[in-house]
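**Student:** Attaching a single structure in structure tokens format; questions to follow.
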Amino acid sequence: MALGLLALRFLPALPPVGLWLLLPMVGLMLLPFRTYPVAFFLFGLSWACAQAQWALNDRLAPGLDGETRWVEGRVVGLPQHSEAVVRFELADAWSRHGNVPQLMRLAWYNGPPVSSGERWRLAVKLKRPAGLLNPHAFDYDAWLLAKRIGATGTVKDGERLAKARWAWRDGIRQKLQAVDAQGRTGVLVALVLGDGGGLSREDWQVLQDTGTVHLLVISGQHIGMLAGLVYLLIAGLARYGLWPSRLPWLPWACGLAFAAALGYGLLAGFEVPVRRACLMIGLVLLWRLRFRHLGAWWPLLLALNGVLLLDPLASLQPGFWLSFGAVAVLIFTFSGRLGPWRWWQTWTRAQWLIAIGLGPILLVLGLPISLTGPLVNLLAVPWISMLVLPPALLGTLLLPVPYAGRACCGWPAD
């Protein structure tokens with residue numbers, strides 16, 4: 001199944017519709033002959049092709065390329081505001097003068113503030129999704145396809161039809177930005193919400209040079225750490241007799257740990273690394289409830305299939321390969337030991353082996369490689385994960401409480 005879903009990434013073009021519609025029928029015919037690997041490969045490939053074709057069919061028609069149309073829709077995600085432009089995504093888009101894609105990415109120069117959840121009627125100069133074909137550059141076209149964005153455009157004029165509804169992530173971001181964080185608002189928003197729009201070009205360059213981008217763009221490491229802290233907290237309370245005896249501690253520990261992981265994942269926008277982490281954490285906790293040893297590779301394989309079944313186009317994103325690649329390197333590193341390592345050996349080997357293991361993936365994807373990354377991460381990972389992230393999350397949770405939230409985030413009380 002996993003190989004069939006991943007095959008989409010390496011196809012130069014989609015097969016004819018009739019062919020991939022025939023694949024699941026062939027797979028069903030093969031099941032009675034116990035050729036399960038081939039059958040599930042065909043199921044996965046057919047599902048991936050169907051999703052890709054669906055995304056391609058929702059792209060802007062060539063006849064509308066360069067045309068200006070009035071469209072209505074709802075702002076989703078977290079709009080990115082800079083000095084002279086706001087960039088945002090418009091979902092559930094429709095026009096009275098022709099079909100337009102359901103999801104569009106728009107830019108409004110010198111426009112008014114735009115918030116997530118608002119409904120707008122906009123005059124947009126539409127453009128078909130396209131990106132430069134420069135080697136070793138960011139593949140913008142593939143990124144748009146993975147996000148299922150069917151058109152880009154520039155807003156010429158518009159009017160707000162309805163105020164924001166159910167835009168809690170944007171509300172949290174606005175509260176964080178409203179606090180005087182002494183220039184650290186962009187870093188904290190990236191750490192808490194996974195939104196790097198507030199980071200400057202110089203900040204991104206420093207993160208790339210030091211190999212620490214994964215620390216501010218929320219990764220599975222943050223999700224796993226939070227779930228582990230919740231689980232260990234309840235286990236510690238139960239061990240010292242501080243947990244209510246009428247409540248079995250293990251189901252509560254597993255349930256609350258998964259709830260913490262899922263809640264943080266939703267706060268972070270539920271991107272591919274977060275989905276992978278939540279699926280793996282859920283599987284491990286489920287097997288922990290049953291007192292069974294799950295093994296090392298089984299959760300990774302199930303998480304891989306789970307992520308791709310939900311969104312086969314995720315394999316077009318570099319973060320997908322880096323996320324699963326890093327976990328695979330860690331499993332390979334720690335699952336075959338014949339004896340115990342000292343704590344400093346465990347920590348240093350993990351950093352260097354991740355750097356070596358992800359090197360080929362970074363080269364294939366055309367991403368920069370930091371030679372100082374392993375050394376910097378030796379200090380940066382525990383510092384961010386243990387000393388910065390927990391107070392930042394607690395401070396965000398306590399922002400409605402006067403002074404408490406600001407104190408947890410290290411902000412001045414006045």
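**Student:** Can you count the Lys pairs in the chain whose Cα atoms are under 20 Å apart, with each pair 8 or more apart or on different chains? Before the final figure, lay out the partial values.
**Tutor:** On the way: LYS125/LYS156; LYS127/LYS147; LYS127/LYS156; LYS163/LYS175.
Here the count comes out as 4.
**Student:** So, counting K/R as plus one and D/E as minus one, what does the shell of residues with Cβ under 15 Å around LEU60 add up to? If you can, show how the numbers build up before the last one.
**Tutor:** Working: positive: ARG59, ARG69, ARG105, LYS125, LYS127, ARG128, LYS147, ARG148; negative: ASP58, ASP65, GLU67, GLU89, ASP141.
Spelling it out: positives minus negatives among the neighbours equals +3.
**Student:** Mind listing which trypsin sites (Lys or Arg not before Pro) in the range 183-291 are in a DSSP loop and have 10 or fewer other Cβ atoms within 10 Å? Walk me through the numbers on the way to the answer.
**Tutor:** Numbers: sites: ARG184, ARG201, ARG239, ARG246, ARG275, ARG276, ARG288, ARG290; in loops: ARG184, ARG246, ARG290.
Filter output for the range 183-291: ARG246, ARG290.
**Student:** How large is the dipole of the chain about the Cα centre if only Lys and Arg carry +1 and Asp and Glu carry -1, each at its Cβ, rounded to the nearest 20 debye? If you can, show how the numbers build up before the last one.
**Tutor:** Numbers: 35 positive and 21 negative charges, 200 e Å.
Roughly 960 debye for the chain.
**Student:** Given the Cα-Cα distance of ILE331 and LEU394 and 0.36 nm per residue of separation, how much length would full extension add, in nm? Walk me through the numbers on the way to the answer.
**Tutor:** On the way: separation 63, 0.36 × 63 = 22.68 nm, distance 3.08 nm.
Full extension of this stretch gives 19.6 nm more.
**Student:** Something else now. For the range 127-134, what does the Karplus curve 6.51 cos²θ - 1.76 cosθ + 1.60, with θ = phi - 60°, yield as ³J(HN,Hα) per residue in whole Hz, taken in order and with x for Gly and Pro?
**Tutor:** 8, 5, x, 7, x, 6, 9, 5
**Student:** With the Cα gyration tensor of the chain giving a ≥ b ≥ c as the square roots of its eigenvalues, does the rule (a/c under 1.5 for rounded; else a/b larger than b/c for prolate; else oblate) give rounded, prolate or oblate? Please report the intermediate quantities before stating the final value.
**Tutor:** Working: a/c = 1.63, a/b = 1.13, b/c = 1.45.
Here the chain falls in the oblate category.
**Student:** Moving on to the next point. Counting other Cβ atoms within 10 Å of each Cβ, which chymotrypsin sites (Phe, Trp or Tyr not before Pro) in the range 308-367 have at most 16 and sit in a DSSP loop? Mind showing how you got there, number by number?
**Tutor:** Numbers: sites: PHE320, TRP321, PHE324, PHE332, PHE334, TRP341, TRP343, TRP344, TRP347, TRP352; in loops: TRP341.
Those satisfying the criteria are TRP341.
**Student:** What are the semi-axes of the equivalent ellipsoid for the range 1-85, taken as the square roots of 5 times the Cα gyration tensor eigenvalues, largest first, in whole Å? Show your work: numbers first, answer last.
**Tutor:** On the way: eigenvalues 295, 53, 25 Å².
Those come to 38, 16, 11 Å.
**Student:** How far apart, in nm, are two points set 7 Å out from the Cα along the Cα-to-Cβ line at LEU387 and at LEU250?
**Tutor:** With each label placed 7 Å out from Cα toward Cβ, I get 3.7 nm.
**Student:** HN-Hα J couplings of the range 81-92 from phi, Karplus 6.51/-1.76/1.60, θ = phi - 60°, integer Hz, Gly and Pro as x?
**Tutor:** Each residue of the range 81-92 in turn: 9, 10, 5, 10, 8, 10, 10, 7, 10, 10, 9, 6 Hz.
**Student:** Here's another thing I want to ask about it. Report for the range 62-166 the percent antiparallel among DSSP-assigned beta bridges with both residues inside it, nearest 5. Mind dumping the intermediate values first?
**Tutor:** Working: 29 of 33 bridges.
Restricted to the range 62-166, the bridges split so that about 90 percent are antiparallel.
**Student:** Along the range 164-169, what does the Karplus equation 6.51 cos²θ - 1.76 cosθ + 1.60 (θ = phi - 60°) give for ³J(HN,Hα), rounded to whole Hz, x for Gly and Pro?
**Tutor:** Values, residue by residue: 5, 9, 6, 9, 6, 5 Hz.
**Student:** In µm²/s, what is D for the range 62-166 at 10 °C and 1.306 mPa s, where D = kT/(6 pi eta Rh) by Stokes-Einstein and Rh is the Kirkwood radius from Cα pairs?
**Tutor:** Details: Rh = 14.0 Å.
In µm²/s, the coefficient rounds to 113.
**Student:** Along the charge dipole of the range 227-357, which of ILE234, ILE331, LEU308 sits closest to the positive end, that is, farthest toward it, with unit charges on the beta carbon of Lys, Arg, Asp and Glu (+1, +1, -1, -1)?
**Tutor:** ILE234
**Student:** Count charges around LEU375 for me, please; just the other residues with Cβ under 14 Å from its Cβ, Lys/Arg as +1, Asp/Glu as -1.
**Tutor:** Working: positive: ARG349; negative: ASP209.
With Lys, Arg at +1 and Asp, Glu at -1, the neighbours total 0.
**Student:** Continuing with the same structure: What is the antiparallel percent of DSSP beta bridges lying wholly in the chain, to the nearest 5? Before the final figure, lay out each step's value.
**Tutor:** Values: 29 of 33 bridges.
In the chain, DSSP labels about 90 percent of beta bridges as antiparallel.
**Student:** What's the longest piece of the chain with no exposed GluC sites (Glu not before Pro), counting a site as exposed if DSSP puts it in a loop and it has at most 16 other beta carbons within 10 Å?
**Tutor:** Longest stretch, sites excluded: 84-414.
**Student:** Would you please name the chymotrypsin sites (Phe, Trp or Tyr not before Pro) within the range 227-314 that are DSSP coil residues with at most 16 other C-beta atoms within 10 Å of their C-beta?
**Tutor:** On the way: sites: TYR231, TYR240, TRP249, TRP252, PHE258, TYR264, PHE270, TRP287, PHE291, TRP297; in loops: TYR240, PHE270, PHE291.
For chymotrypsin sites (Phe, Trp or Tyr not before Pro) across the range 227-314 that sit outside H, G, I, E and B with at most 16 neighbouring Cβ atoms in 10 Å, the list reads TYR240, PHE270, PHE291.
Rule-based calculations on the coordinates, nothing more; no lab input. Bear in mind that the values here come from a model prediction, so they are computed numbers and not experimental data. All Cβ positions, even for glycine, are placed from backbone atoms using ideal geometry, and neighbour counts span all protein chains on display.
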